[in-house]
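Take a look at the structure set out below.
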Amino acid sequence: MEQLSRSEEQVMAALWACGHPATRREIAVNLPAECRWADTTLLNFLLRLEKKSFVRTEKQGNKNLYIPLVRRLTYCGAVSQAHLQTLYGGDLRAMVHALAETNRITYADIERLLRWLGEYQAANPEYDYE
C-alpha cells in the first residue's frame, strides 16, 4: 500500500474522524490547527487522494462528498508494518524498547499494552505464538 505524505495523512485522518462521507468543510473542521489550509489547498490534497484511490468523490447537489476507500485500520497497519521492517528489521521489541528508552511511552502505557496483549491472546487461542 502506498504511504501518504504527512499532509495527506492529516486529511485522511480528518475524513475518517467524520465517520461518514463528508464535505470539504466537514473535513476541514477535523483538521488539526497546524493544518488549517486555504480551501484550494485542501481540495488539492483531496484530489491527490482520489488519484491515489484513497477517496472517491460523489456529487450531492452542489457539493462534493468525499468517501474513504481505505479503512484507517488497514492503512495504519500497513504503514506501521513498513516502518517496523525498515527501522527495526521487523523486531517489535526493538521498537517498543526505543520508545521506552526515549520516554516516548510511559510505564502506564506499557502496562496497558501488556493487559491488552493478554486479552488479545486469550481471545485468539488458535493463533501461533512462537
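The table below lists the values:
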| read-out | value |
| --- | --- |
| Prolate/oblate/rounded call for the chain, Cα gyration tensor, a/c under 1.5 rounded | prolate |
| Residues 12, 95, sorted so that the one with the fewest Cβ neighbours within 10 Å comes first | 95, 12 |
| Among 88, 54, 43 the positive-end extreme of the charge dipole of the chain (Cβ point charges) | 43 |
| Packing-based exposure ordering (other Cβ within 10 Å, fewest first) of 27, 110 | 110, 27 |
| For the chain, calculated [θ]222 nm from helices alone, where every DSSP H run of n ≥ 4 adds -39500 (n - 2.57) | -18500 deg cm²/dmol |
| Gain in span if fully extended, residue 43 to residue 82, counting 0.36 nm per residue against the direct Cα distance | 11.2 nm |
| Folded to 0 to 90 degrees: helix 39-51 orientation relative to the chain principal axis, Cα | 60 degrees |
| The chain - charge dipole about Cα centre, Lys and Arg +1 at Cβ, Asp and Glu -1, debye rounded to 20 | 760 debye |
| Exposed-loop-free span, longest in the chain, where chymotrypsin sites (Phe, Trp or Tyr not before Pro) count as exposed if DSSP calls them loop and at most 16 other C-beta atoms lie within 10 Å | 38-126 |
| Cα lying deepest toward the dipole's positive end in segment 91-130, options 108, 97, 120, charges on Cβ | 108 |
| C-alpha center-to-center spacing [segment 91-121, segment 39-90] in angstrom | 28 Å |
| Estimated FRET transfer efficiency (residue 1, residue 107; beta-carbon r; R0 30 Å; 0.05) | 0.35 |
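Readers should treat all values here as calculations from the given coordinates under stated rules, not as data from a laboratory. Since the structure is predicted, the reported quantities are computational estimates derived from the model, not experimental observations. We place every Cβ from the backbone using ideal geometry, glycine too, and count neighbours over all the protein chains shown.
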